[in-house]
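No value in this document is a laboratory result; all are computed from the given coordinates. Predicted, not measured: the structure shown is a model, and the values here were computed from it. Virtual Cβ from ideal backbone geometry, glycine too; neighbours counted across all protein chains shown.
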Amino acid sequence: MLEVRGLRKVYRSASGDTEAIRDLTFDATAGEIVCIVGPSGAGKTTLLRCISGLLAPTSGTVTLEGHDVSGPPGGMAVVFQEYARSLFPWLTVAQNVELPLKEKGLKKSDRARLVQDSLEAVGLGDVPDSYPWQLSGGMQQRVAIARAAAYEPHILLMDEPFAAVDAQTRADLEDLVRDLWQRLGITLLFVTHDIDESIYLGQRVLVLSARPTVILEDVAVDLPDERDQLTTRNDPEFGRLRTHIYDLVQRAKQGYRPDEEAAESAV
Amino acid sequence: MTTTQPATAPARASGLAALRRLPVWRRLLTLLALPLILVVIWWVTSDRADSFFYPPLRDILATFGPTWFEGRLTADVVPSLGRLLAGYALAMVIGVGLGTAIGLSSRLRAFLEPVLEFFRAIPPPVMVPILMLFLGIGTGMKIFVIAAGAVWPILLNTVEGVRGVDEVLRDTARTYRLGRLTQLRTLVLRGATPQIVTGARQALSIAIILMVISEMFAAHNGLGFTIVQFQRSFAMPEMWTGIILLGLVGVVLSVLFRIIERPVLFWYHGQRQSHRGGN
Amino acid sequence: MTIRTAAPPSTTTPAARRPRGGTNRALWGTAGVLSLILVLELLPRSGAVDARFLPPFSEIAAALADRITTGEFWTALGDTLVTWAIGFSIALVVGIVLGMVIGSVGILRDATASTIEFLRPIPSVALIPLAVLMLGTGRPGTLLLVVYATFWQVLVQVLYGVQDVDPVARDTARSYRFRFLTTARTVVWPTTLPFAMTGFRLGATVALILTITGELIIGTPGLGRLLAVAQQSGQVSSMYALVIVTGLIGVLVNLGARAVERRVLHWHSSVRRETAS
C-alpha cells in the first residue's frame with residue numbers, strides 16, 4: 001500500500017543546511033493503522049508532508065499503491081493539526097465538505113448524500129449551514145474529518161490532529177477516528193506526540209529518534225481490535241507498551257540513535 | 001512591499017458601533033446633536049457676516065436646487081460619476097489581476113518590487129499632464145488618470161493578500177487536488193479579499209480626488225470643471241453648493257462602499273469576532 | 001492614501017514564510033529597474049510610442065541633469081519640502097491631541113462620531129476653490145488642503161488606538177485616581193502610539209500628494225508648479241524629469257516614515273518590555 005524507502009530531507013538555507021530526516025524506511029499495508037510518535041522536533045510533520053507529496057524529499061522514494069509520489073496523489077486525504085486554518089472560513093460546513101467532491105466530478109445527488117452521511121458520522125448532521133468559525137475547536141476538527149471521510153480516500157494522513165483540543169473532546173475524537181477507520185476500511189497514518197494516543201489508536205507504533213530522524217523501533221500493538229477508553233487503557237499490555245515506548249522516547253530526547261550503536265558494533 | 005503593520009483602523013474607527021448600547025432616542029440625539037449645532041452656527045455666522053466669500057447658508061441652500069437640478073445633473077454630475085466608475089473599475093481589474101499574478105510568483109515579485117515602489121510613490125496628480133499628452137483632454141484621459149492613480153493601492157494590497165493566504169489552507173487545497181481555477185477562485189481570491197477591500201477603499205478616495213483634479217485641469221464639463229468656473233466667475237453661493245455636492249458625493253460613495261463590503265467580508269468579520277470572544 | 005494600510009492581521013504566522021536569499025532579491029530588483037529604463041529608452045526609439053509624448057529615457061535623464069544645475073529647481077524643491085513639513089506637522093499635532101481628547105472622553109467620542117464619519121470622506125480637493133479665494137495662491141492655500149487631508153488620516157488612527165486601550169488598565173488608573181494627564185501619558189498613549197505611527201506613515205504620503213497637487217492646480221510655488229510650467233511650455237522631457245523627481249521624493253518620504261515608525265516602535269516595545277518584567 002504505502003512504501004517509504006530511504007527517505008531523507010535536508011532543508012537548505014543561506015545560513016546553512018538542516019538535516020531534518022536522515023533515513024526512513026517503512027511500509028504500511030492496506031487497512032492498517034500506523035501511529036508515528038517521537039520527541040518534539042523529530043521531523044514528524046516533515047515526514048508527513050513528504051508522504052503527502054506537499055514536500056519533495058532530498059532523496060529516497062515514497063510509493064503509494066504502486067505509484068511514486070511526486071505531488072499530492074489521488075485517493076489520499078490529510079487532516080492537519082490547525083483545524084481553524086484548514087477549513088475555508090468563507091464556505092459553510094457543508095460546502096467545505098463538498099468542495100473536494102465537486103472537484104472529483106461527482107454528481108450533485110451523490111455529493112449531497114456523501115456530505116450528509118459524513119457529517120452525521122462525525123455527529124454534525126445538524127449544522128451543515130453554519131460557518132466553521134461559529135463552531136468550537138473540537139467541532140471544527142470534526143468538520144475536517146468529515147471532509148476527509150466524504151472524500152473516500154484509500155489512505156488518510158493525520159498530523160497531530162487533536163493536539164489543540166481539550167482532553168474530553170480528544171477522547172471522543174479518538175473513538176471517532178477508530179470507528180471511521182473500521183467502517184471505511186482505509187489505511188491510516190496517524191502522527192502524534194502523545195504516547196497513550198498512539199497505543200490506543202494504533203496497530204503499530206513507529207518511534208522516531210530526534211533530528212536528524214531515523215526509526216528507533218517499529219512496535220507492534222498487540223491489543224484487541226475492539227477498544228474503548230476505559231478497558232483498553234487499563235489493559236496490562238497497554239501499560240507495558242506505554243512504559244516501553246515512553247522509555248524509547250526519553251532516550252530519543254537524550255540523543256540516543258540506533259545508527260550510532262550499529263556503527264560502533266560494526267567496528 | 002516588505003512591511004506589514006499591525007495597527008490599522010478599520011472602516012468604523014470613530015466609534016459608531018459603540019453607540020449601539022444606547023436607547024434609540026439617546027442614540028439619535030448623540031448622532032444628530034453636533035451636526036445640528038454646526039449647521040446652526042454656520043447659518044447664524046454666515047447670515048451676519050458681511051463677507052463676499054462667505055455667503056449666508058440660507059442663500060447657498062436656496063441656490064442649490066436651481067444650480068444643479070436644472071440641467072447640470074445630467075450635463076456635469078453624471079459624466080463625472082461615469083468617468084469615476086469607469087476608471088475605478090479599470091483600476092480594480094488591472095490591480096487585482098496583476099496583483100494576483102505578482103503575489104503568486106516570488107520571482108516576479110522580486111523583479112518588480114522596486115519598480116512598483118517607485119510608481120506607487122509618484123503623487124497621482126502629476127500623471128495628469130503626462131496622460132494629457134497621450135490622450136488629449138477627453139474622457140479617455142480622465143478615465144486613465146483615475147485608473148492610473150487608483151490602481152496602486154489595489155495592486156499592492158492584492159499582492160500582500162495573495163501572499164498572506166494561509167499556508168495550511170493552501171496545503172489543504174493541494175492535498176485535495178483542487179484544480180488551478182478552483183484554487184484561484186475559492187482559495188486565493190477569497191483569501192485575499194480582506195486586503196483587496198482595504199486597497200479598494202483607499203483607491204476610492206484617490207479616484208474621487210483624481211476625478212476632480214482631472215476636470216479642474218482641463219475639461220468641458222464635470223463637477224470639478226463647474227466648481228472652478230463658479231470660482232473664476234465669483235459666483236459664490238453656486239461655488240459653495242458645488243463644494244457641498246462634492247462632499248455629498250464622497251460621503252454617499254463611502255456609504256455605498258460599506259454596504260457592498262459587508263456581505264463580501266461577512267466571514268472575515270465573523271471570524272475576528274469569534275477570535276475576540278475567546279474561542 | 002497611496003500607502004496600503006497593511007491590512008487585517010491575517011491568520012498566517014510570519015514564521016511560515018521562509019526567508020529568501022537577500023542578495024538574490026536585490027539582483028532581481030536591480031534587473032527590474034534596468035528593464036524599465038531599457039523599455040523607456042526603446043519604446044520611443046523604435047517608434048512604438050510617439051517620441052513627442054514619451055522621449056527616450058536618455059533625453060529625460062539629460063533634462064533632469066540640466067534642471068538640477070538651475071537654482072530654480074532647488075528653490076522649488078525647498079518650497080515643496082517646507083510646505084509639506086509645515087502642513088504635515090500641523091496635521092500631526094492637531095490630529096494626535098484632538099484624537100487623544102475625543103477618544104478618552106466617552107461623551108465627546110459618541111457626539112463626534114457621526115460628524116467625523118461625514119466629514120472624513122469629503123475629498124480635500126473640493127476645498128480648492130475656497131482655498132484660492134480666501135487664502136490666495138500662495139503657501140497658505142495649499143497648506144489648507146494638506147492639513148485637511150492629512151488631519152483625518154492621523155485623527156482616525158489615534159481614535160482607533162485609544163479605543164484599543166485595555167479596559168482593565170483604564171479601570172486600574174481610575175481606581176488609583178490618576179489625573180487625566182497622568183492617565184493619558186501612562187495608560188492611553190503607550191497603546192495609542194503604534195496606531196499614531198501608522199497615522200504618521202500614511203499622513204506623510206498624503207501630505208506630499210496634496211502639497212504637489214496644490215502646487216499643480218493652485219499654482220503655489222514648488223515642484224508642482226514647475227511641472228505645470230513645463231507642461232504649458234511644451235518641455236516634455238522636463239515634465240518627465242520632474243515626475244521622476246516627485247516619485248523619488250515619494251519613495252524617500254515613504255522609506256523615511258517607515259524607518260521612523262520602526263525606530264519609535266522598536267524603542268517603544270523594548271521600553272514596554274522592560275517596565276513589564
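A few points about this structure:
- Anchor residue A:108: aspartates and glutamates whose Cα lies under 12 Å away (excluding residues fewer than 8 positions away in-chain): A:98
- Cβ charges +1 (Lys, Arg) and -1 (Asp, Glu), total dipole of chain C, debye: 980 debye
- With a 10 Å cut-off around each Cβ of C:192-198, the average count of Cβ atoms from other chains is 3.
- Summed residue charge, Cβ within 10 Å of residue A:28's Cβ, Lys/Arg positive, Asp/Glu negative: -2
- Taking every C-alpha pair closer than 8 Å and separated by at least 6 residues, the mean separation divided by the residue count of region B:59-276 gives a relative contact order of 28 percent.
- If only the Cβ of Lys and Arg carry +1 and only the Cβ of Asp and Glu carry -1, the dipole of the protein assembly as shown around its Cα centre is close to 2280 debye.
- Exposure proxy shown here: for B:205, C:237, A:109, the number of other Cβ atoms within 10 Å sets the order, fewest to most, as A:109, C:237, B:205.
- Considering only A:30, A:150, A:252, the mean-square fluctuation computed in a Gaussian network model of chain A, springs between alpha carbons under 10 angstrom, is largest for A:30.
- Most to least packed among A:6-12, B:153-159, C:242-248, B:42-48 [average Cβ atoms within 10 Å]: B:153-159, C:242-248, A:6-12, B:42-48
- Projecting the Cα atoms of C:247, C:213, C:95 onto the dipole axis of chain C, where Lys and Arg carry +1 and Asp and Glu carry -1 at the beta carbon, places C:95 farthest toward the positive end.
- Label-to-label distance, nm, for residues given as residue B:52 and residue A:235 (7 Å Cα→Cβ offset): 10.1 nm
- Kyte-Doolittle mean at least -0.5, axial Cα span of 27 Å or more - DSSP H helices of chain C: C:22-46, C:71-104, C:139-163, C:189-217, C:236-276
- Per-residue ellipticity at 222 nm from helix content only, as computed over chain B with -39500 (n - 2.57) for each DSSP H run of at least four residues, stands at -24500 deg cm²/dmol.
- Based on DSSP H segments of at least four residues, each scored -39500 (n - 2.57), chain C has a per-residue ellipticity at 222 nm of -26000 deg cm²/dmol.
- Proxy reagent accessibility, fewest Cβ within 10 Å first, across A:154, B:269: B:269, A:154
- Among B:260, B:143, B:243, residue whose mean-square fluctuation peaks in a GNM of chain B (springs only between Cα atoms under 10 Å): B:260
- Along the axis of the charge dipole computed for the protein assembly as shown (Cβ charges of +1 for Lys and Arg, -1 for Asp and Glu, origin at the Cα centre), the listed residues C:32, C:129, A:100 are led at the positive end by C:129.
- Taking a sphere under 13 Å around the Cβ of residue C:131 and counting the other residues whose Cβ falls inside, with K and R at +1 and D and E at -1, yields a net charge of 0.
- For the protein assembly as shown, the share of DSSP beta bridges that are antiparallel, to the nearest 5, is 50%.
- GNM top mover of B:194, B:263, B:79 - chain B, alpha-carbon springs below 10 Å: B:263
- Here region A:1-97 is treated with +1 on each Lys and Arg Cβ and -1 on each Asp and Glu Cβ, and its dipole about the Cα centre works out to around 320 debye.
- Region C:60-276 - percent relative contact order, Cα under 8 Å, separation 6 or more: 28 percent
- A straight Cα-to-Cα reach below 28 Å connects residue A:44 with the lysines A:9, A:253, residues fewer than 8 places away in its own chain not being considered.
- Note on B:117, A:217: ascending count of other Cβ atoms within 10 Å places them as A:217, B:117, the fewest first.
- Helix A:167-184 and the long axis of chain A differ in direction by around 80°, with both axes built from C-alpha atoms.
- Shielding of peptide B:242-254 by partners, expressed as the average count of other chain Cβ atoms within 10 Å per residue Cβ, is 4.
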